[in-house]
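Below is one structure, written out as structure tokens; the observations come after it.
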Amino acid sequence: MFEWIADNTANIVIITVLLAIVGLAVFSIIRRKKSGKSSCGCDCGNCPSSAYCHTKDRNT
């Protein structure tokens, strides 16, 4: 078992770093969504999908 870990140390480190990057990206997306920020960062006035992004604003 330890021999396998020693042989694959570089792969294990790279996979761990990639998983951390993906995890941080997902965390950032969730945090932005919960704070009400748009995922695209554009002006919603000209966006054809603005009705789907701001359904909460339309219903009030």
Within the under-15-Å Cβ sphere about Val26, not counting Val26, Lys/Arg +1 and Asp/Glu -1 give a net charge of +4
Could you calculate the FRET efficiency of Arg31 with Phe2 from 1/(1 + (r/R0)^6), where r is the beta carbon distance between them and R0 is 25 Å, rounded to 0.05? 0.05
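Every number in this text was worked out from the coordinates using simple rules, so none of it is lab data. Fair warning: this is a prediction, and the values are worked out from it, not measured in the lab. For neighbour counting, all protein chains shown are included, and Cβ atoms are generated from backbone atoms with ideal geometry for every residue, glycine included.
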